[in-house]
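Trainee: Mind looking over this structure? Questions follow.
Nothing in this text is a laboratory measurement; each read-out follows from the coordinates by a stated rule. Remember, predicted model here, so these are calculated numbers, not experimental data. Quick reminder, even Gly has a Cβ in these numbers, built from the backbone with ideal geometry, and neighbours come from all protein chains shown.
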Amino acid sequence: MAPEAVDRLRHVEESMGTVFSFDIRGIRDEARVHAGLQAAVASLHRADEVFSTFRPDSQIMRLGRGELALSDCVTEVPEVLDLCAAAERESDGWFTTGYAGGLDPTGLVKGWAVERAVRMITSSGASSVCLNGGGDIQLTGGPWRVGIADPLNPGALALVVESLDGGLGVATSGPAERGCHIVDPHTGEAPADGLASVTVVCGAGLTTADVRATAAYAMGGQARDWLESLPDTEGFAIATDGTTWTTSGFHRHTATTTGARA
């Protein structure tokens, strides 16, 4: 008797200082999807090796110290730096790779790496993929429901984001999980307006959602108007006093039932 076909795969991988959780559904060819998953996992570790700011021998650290020319780096490095430059222009400098006086593109790299990994899996024949990298999520296919943690009430959900049948990047920035690791690049200090978290959903994918969430958190009080001005992008924020706001179209992405915590 032939083995029963597998329609869902789950996998958890540690890399880049966080945990990546894969949920893969709609599998047409199990062997191909397994190969795609292996390639996706390898790509996450490669991104860590190339871009880690904790590895003195990573290409991004050697580039920042002037020990390596950009032309001698692997192709991912100029690709990521071009994306960072575009994000800096779009955000008027609220997102930047140079806020600490060095070269640090890690505010973009995780979202970019997650989005790339998901493309590898979908190209192998899976119709629906959810990849959660430390709370930042790329969704394809669906339906999917993911919970957004409430930073002021540990273990509770603030709301649930729903994606029915398309790609969606969901990124949250704030100090709840890692402390205040995002600063106002103009002052080098913690953002003055004190948001507890900002969640951005974006149809363009997690790379874009991630940098926009980072910039929005740094902006504080200016974030809502900025997010409203961006195409295919919505935002939800929780202030330190518990008040919340959303952009005008965010309700299109919310569900009435709860789902898995992001």
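Trainee: Please compute the contact order of the chain in relative form: average sequence separation of alpha-carbon pairs under 8 Å and at least six residues apart, divided by the residue count, as a percent.
Mentor: 17
Trainee: Averaged over every viewing direction, what's the projected area of the C-alpha convex hull for segment 70-155? Give it in nm², one decimal, please.
Mentor: With every direction weighted equally, the projected area is 8.3 nm².
Trainee: Of F54, A69, G98, whose Cα points farthest to the positive end of the dipole of segment 41-107 (charges on the beta-carbon: +1 Lys, Arg; -1 Asp, Glu; origin at the Cα centre)?
Mentor: Selected residue: F54.
Trainee: Let me know the charge dipole size of the chain about its Cα centre in debye, to the nearest 20, where only the beta-carbon of Lys, Arg (+1) and Asp, Glu (-1) is charged.
Mentor: Rounded to the nearest 20 debye, it is 520 debye.
Trainee: Counting other Cβ atoms within 10 Å, which trypsin sites (Lys or Arg not before Pro) in segment 25-132 have at most 15 and lie in a DSSP loop?
Mentor: In loop regions of segment 25-132 (DSSP not H, G, I, E or B), the sparsely surrounded trypsin sites (Lys or Arg not before Pro) are R28, R65.
Trainee: Let me ask something additional. Helix by helix through the chain, keep the DSSP H runs that span 30 Å or more along the axis on Cα and average at least 0.0 on Kyte-Doolittle, and give those back in order.
Mentor: Flagged H segments are 30-51.
Trainee: Let me ask another. When the helix-only estimate is applied to the chain (DSSP H runs of n ≥ 4, each -39,500 (n - 2.57), divided by the residue count), what is the mean residue ellipticity at 222 nm, nearest 500 deg cm²/dmol?
Mentor: Calculated at 222 nm, the ellipticity per residue is -9500 deg cm²/dmol.
Trainee: What fraction, in whole percent, of alpha-carbon pairs in segment 26-78 exceed 12 Å separation?
Mentor: 67
Trainee: Let me know the Kirkwood hydrodynamic radius for the chain, please, with Cα pairs as the basis and the value in Å to one decimal.
Mentor: For the chain, inverting the mean 1/r across all distinct Cα pairs yields 18.9 Å.
Trainee: Relative contact order for segment 1-152: what percent, with Cα pairs under 8 Å and sequence separation of 6 or more?
Mentor: Over segment 1-152, the number comes to 28 percent.
Trainee: State the antiparallel share, in %, of DSSP beta bridges confined to the chain, rounding to the nearest 5.
Mentor: 95
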